[in-house]
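Peer 1: Have a look at the structure that comes next, please.
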């Protein structure tokens, strides 16, 4: 009988130790979740503030070098070799409805880039200070790319130009 009682007490001690360890782990997870919540609320507030801020519009259409230079630098800073930046192709500006703004798209073609490098490049280019927005992204994978973990990508970056429609007298 004493052996059963000792075994029962040992089992209870093991259960208590496991429960305390689990409680400590749950407490650490809750603390991490609380920190994440604070960070998310701060970021959500920043997003709301940025949405309230008016969109920046250029006063004129950017010259080719004013656009290609930052794109090439963002690709290089993201670790994308220059030979993988296939083409930067500005397109004609298009009026946005009946507004005083035109949207200037630029297509960027990349080959054999990792998603991590591509996202880093896009994040750099769409920084609010640069005034560029990502309008669309198309990804394609080749059989070689799947094995390497790389993609071909077509980005359409846009920026706004303030250009009121001319009125006829």
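The values are calculated or read from the model by the stated rules, or taken from the named source; none is laboratory data. Here the structure is a predicted model, which means the values were calculated and not measured. Don't worry about glycine lacking a Cβ; one is built from the backbone with ideal geometry, like all the others, and counts go over all protein chains shown.
Peer 1: Do you know which of the residues in region 1-56 that are closer than 30 Å to residue 133 by Cα and not in a helix (DSSP H, G or I) is modelled with the lowest pLDDT?
Peer 2: By that ranking, first place goes to 54.
Peer 1: Could you check, for region 133-149, whether at least one of its residues is in a loop (DSSP other than H, G, I, E, B) and touching a residue at least 60 places away in the same chain (Cβ under 8 Å)?
Peer 2: No, because not a single residue in region 133-149 is in a loop (DSSP other than H, G, I, E, B) and touching a residue at least 60 places away in the same chain (Cβ under 8 Å).
Peer 1: Among residues belonging to region 95-109 that are under 16 Å from residue 136 (Cα atoms) and out of contact with any helix residue (DSSP H, G or I) (no Cβ under 9 Å at 6 or more places or on another chain), point out the one that is modelled with the lowest pLDDT.
Peer 2: The initial filter retains those residues of region 95-109 that are under 16 Å from residue 136 (Cα atoms), namely 103-109.
When the remaining residues are screened for being out of contact with any helix residue (DSSP H, G or I) (no Cβ under 9 Å at 6 or more places or on another chain), the result is 103, 105, 107, 109.
Details: 103: 90, 105: 94, 107: 96, 109: 97.
That would be 103.
Peer 1: Shifting gears a bit: Can you tell me how many residues in region 79-111 are part of a loop (DSSP other than H, G, I, E, B) and more than 16 Å from residue 64 (Cβ to Cβ)?
Peer 2: Applying the first criterion (part of a loop (DSSP other than H, G, I, E, B)) to region 79-111 yields 79-81, 91-93, 96-100.
Imposing the further condition that a residue be more than 16 Å from residue 64 (Cβ to Cβ) reduces the set to 79-81, 96-100.
The total comes to 8.
Peer 1: Any chance region 118-133 includes a residue that's at pLDDT 90 or above, assigned by TED's automatic domain parsing to the domain that holds residue 71, over 17 Å from residue 67 (Cα atoms) and touching a helix residue (DSSP H, G or I) at 6+ places or on another chain (Cβ under 9 Å)?
Peer 2: Yes, region 118-133 contains at least one residue that is at pLDDT 90 or above, assigned by TED's automatic domain parsing to the domain that holds residue 71, over 17 Å from residue 67 (Cα atoms) and touching a helix residue (DSSP H, G or I) at 6+ places or on another chain (Cβ under 9 Å).
Peer 1: Are there any pairs with C-beta distances below 9 angstrom linking a residue in region 115-126 that is exposed (fewer than 14 other Cβ atoms within 10 Å of the Cβ) to a residue that is part of a loop (DSSP other than H, G, I, E, B), with the two at least 6 apart or on different chains, and if so which?
Peer 2: 115/149; 115/150; 116/78; 116/79; 119/78; 123/78
Peer 1: If you take the residues in region 150-169 that are assigned to a loop (DSSP other than H, G, I, E, B) and at pLDDT below 85, which one is surrounded by the most Cβ atoms within 10 Å (Cβ to Cβ)? Steps first, answer last, please.
Peer 2: Initial filter on region 150-169 (assigned to a loop (DSSP other than H, G, I, E, B)): 150, 163-169.
Then drop every residue that is not at pLDDT below 85, which leaves 163-169.
On the way: 163: 18, 164: 8, 165: 10, 166: 6, 167: 5, 168: 4, 169: 3.
For region 150-169, the residue satisfying everything is 163.
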